[in-house]
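Contents: one structure, followed by commentary.
Read-outs throughout are calculated quantities, based only on the coordinates presented, and are distinct from any laboratory measurement. Small disclaimer: the values here were computed from a predicted structure and weren't measured. All Cβ positions, glycine included, derive from the backbone under ideal geometry; neighbour counts span all protein chains shown.
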Amino acid sequence: MNTHPSHQTLPDPQVSPQPAEGARGVDGDRSTDGEHGTHGTHGTRQGQLPPSAGTAPSDPPPDLSPEPSMHPRPLPTLRKDDPGTAPSTADDLLFGEVHVALDADRGVVTVRGDALPTVSLVRAEGTDVDEAVPLGTRSAAALTLTVDGEAARLAPARGRFLRRSYRVDVECAGLRYRLTPDGLEESTLFKEGIAIGELSSTGDGRVSATWPEDRPAGSEVLPQDAAVGYALAAAFGTGGQSFWVAAGAFVGDLLS
């Protein structure tokens, strides 16, 4: 995976009703349980969906961001004199030019486009910075997600040894999203438990996305879907190693 790799109340993201016909498992896992991601989110077993009331949890719930505020944090102005904060531009086949800006020092991600709502992810001032995360933290309490001017709920999992621990869940305008690793470099974006796209990011704010045409009926990719996906990929990175590769590397380090 790339090394550098947000709302009614968001339910426990590790519950598992049956997916819609034709849908892939919500974590997009093409391999066995127990895989590892260094900067992504991969995880519940094949055939599971994002959170839904009345079902049993399969993993400990991640921390949730606070209830959306009626007055979300203002978006800091990106520093135009710093080339590291200059927006990168992706040429999206469905939505045209998508501008993604990552200011890792100040903890700000913004996504803009003529065909997209503006999405921002902002890290709270004074937060301890995790250099392994592009935005600097996976703590929901330290992050504010805004979609088209409205605050949304964000729930990044903690990011430990297993690949599924790098998933990121969002609830926005009554829709549930999950970004989870689906290989070494890519992550899958799910909407209401249905895989709608593949995203990859190098950890420096550059994001690419593909929207497969063989999606189940009723799973059209909307502008909000794409904007949220780009923002999550830029903020948390994409992809992840398998459990066995990570375990082998760990053992190798111990023996060297």
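Using a basic spin-label model with each label point 7 Å from the Cα along Cα→Cβ, how many nm lie between GLU97 and LEU222?
A separation of 2.6 nm, rounded to one decimal place.
Could you check the spin-label model distance between ASP204 and ARG106? Points 7 Å from the Cα along Cα→Cβ, value in nm.
Distance between label points: 2.1 nm.
In region 125-158, which GluC sites (Glu not before Pro) are in a loop and have at most 11 other Cβ atoms within 10 Å, using DSSP for the loop call?
Filter output for region 125-158: GLU125, GLU131.
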